[in-house]
1. If you go through region 269-283 one residue at a time, do you hit one that is in a strand (DSSP E or B) and open to solvent by 50 Å² or more (accessible area, probe 1.4 Å)?
2. Counting only residues that are open to solvent by less than 50 Å² (accessible area, probe 1.4 Å) and either assigned to a loop (DSSP other than H, G, I, E, B) or in contact with an Asp or Glu (Cβ under 6 Å, 6 or more places away or on another chain) (or both), how many does region 179-190 have?
3. Hey, could you check region 248-265 for residues that are open to solvent by less than 80 Å² (accessible area, probe 1.4 Å) and among the hydroxyl-bearing types (Ser, Thr, Tyr) and say which is farthest from Ser177 (Cα to Cα)?
4. From (1) closer than 26 Å to Phe137 by Cα; (2) open to solvent by less than 90 Å² (accessible area, probe 1.4 Å); (3) in contact (Cβ under 8 Å) with a residue 12 or more places away in the chain, pick out the condition that doesn't hold for Gln292.
5. In this structure, does Ile226 turn out to be in contact with a helix residue (DSSP H, G or I) (Cβ under 6 Å, 6 or more places away or on another chain) and assigned to a helix (DSSP H, G or I)?
6. Within region 179-219, how many residues turn out to be without any contact (Cβ under 8 Å) to a residue 40 or more places away in the chain, of a type outside the set (A, V, I, L, M, F, W, C) and on the phi < 0 side of the Ramachandran plot?
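The values are calculated or read from the model by the stated rules, or taken from the named source; none is laboratory data. Quick caveat: nothing in here was measured; it's all calculated off a predicted structure. Quick reminder, even Gly has a Cβ in these numbers, built from the backbone with ideal geometry, and neighbours come from all protein chains shown. These area figures cover heavy atoms from the full protein model, side chains too; ligands, DNA and RNA do not enter into them. Shrake-Rupley method; radii C 1.70, N 1.55, O 1.52, S 1.80 Å.
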Amino acid sequence: MAARGRWPWLRPAASAPPRPSLRPLAAPGPGAVVSAQGERARAPDMAAAAAAAKGNGGGGARAGAGAGAGAGAAAGEAGGARKKKGPGPLATAYLVIYNVVMTAGWLVIAVGLVRAYLAKGSYHSLYYSIEKPLKFFQTGALLEILHCAVGIVPSSVVLTSFQVMSRVFLIWAVTHSVKEVQSEDSVLLFVIAWTITEIIRYSFYTFSLLNHLPYLIKWARYTLFIVLYPMGVSGELLTIYAALPFVRQAGLYSISLPNKYNFSFDYYAFLILIMISYIPIFPQLYFHMIHQRRKVLSHTEEHKKFE
């Protein structure tokens, strides 16, 4: 250490920095290019596989995490097949008969309205000409709740019950019970809207079950509601409103205190609550159908382009 400090020439010379190589960088070989392309090509395949697993309820993804991609795909396909499984042959035959009968029934109501109008020359009080078939076939729609409950129709029991019972209630608990409103024009308003809607709806179900759905019926199913739904709701609300004074005057279906059950019920207030319930429910159902229309008809247009 002292010698190095006294004679600096004895210190080891610092190593010079390495000179940069002047050789050009080697171009990637064909194997590297193929590998990179393979990675890029694999990415959309993985995304497609993930989307397929998600569409099948995620069953493929869950099974693939524990038992491999092959088992996951098989589980996903099985889950998708279970979801797409329709009613059996007997149930399909029953549903076809039911929908044909209901279509014919509402056609009878439509023809009855036209004949009564031509005979009277006026649209006033046309309800009396179709009262019996209207009550029969609208009440027959209660079977749709049973169809959902037993599983031969993949629809919500709650939503179907609400839609069917609201009409049955209006027919029996309002229009039938309050005779004074049967001559109101509002009754004809909802009857016409219901008639056209049900002819299209039951025809749609019938042809769908037979796997021969004409585009015209499909278009009508997802288009005419834009006018018919507000028209029917307006007629229903106006009919309930017209019944209110008569319900209050007669005390219809109301129970007052005191009584042995210590229970009271005001049918007049109940009808008002029903009218108020239309405010939050109608927009939700209406805009849901608007969304369904865009989805179904746009899908049909895309399918036609591919064909």
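1. no
2. Matching residues across region 179-190 total 2.
3. Ranking the candidates gives Ser264 first.
4. Exception for Gln292: condition (1).
5. Values: in contact with a helix residue (DSSP H, G or I) (Cβ under 6 Å, 6 or more places away or on another chain): no; assigned to a helix (DSSP H, G or I): yes.
Against the criterion (in contact with a helix residue (DSSP H, G or I) (Cβ under 6 Å, 6 or more places away or on another chain) and assigned to a helix (DSSP H, G or I)), Ile226 does not qualify.
6. Residues of region 179-219 that are without any contact (Cβ under 8 Å) to a residue 40 or more places away in the chain, as a first pass: 179, 197, 200-201, 204, 207-208, 211-214, 216-217.
Pick out the ones that are also of a type outside the set (A, V, I, L, M, F, W, C) and you get 179, 197, 201, 208, 211-212, 214.
If we keep only those that are on the phi < 0 side of the Ramachandran plot as well, we get 179, 197, 201, 208, 212, 214.
Result for region 179-219: 6.
For (1) under 28 Å from the mean Cα position of the chain (by Cα); (2) under 18 Å from Ala141 (Cβ atoms); (3) modelled with pLDDT under 95; (4) surrounded by 15 or more Cβ atoms within 10 Å (Cβ to Cβ), each residue gets a yes or a no:
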| site | (1), (2), (3), (4) |
| --- | --- |
| Ile192 | yes, yes, no, yes |
| Thr197 | yes, yes, no, yes |
| Tyr202 | yes, yes, no, yes |
| Phe207 | yes, no, no, yes |
| Leu210 | yes, no, no, no |
| Arg221 | yes, yes, no, yes |
| Ile226 | yes, no, no, no |
| Gly235 | yes, yes, no, yes |
| Tyr267 | no, no, no, yes |
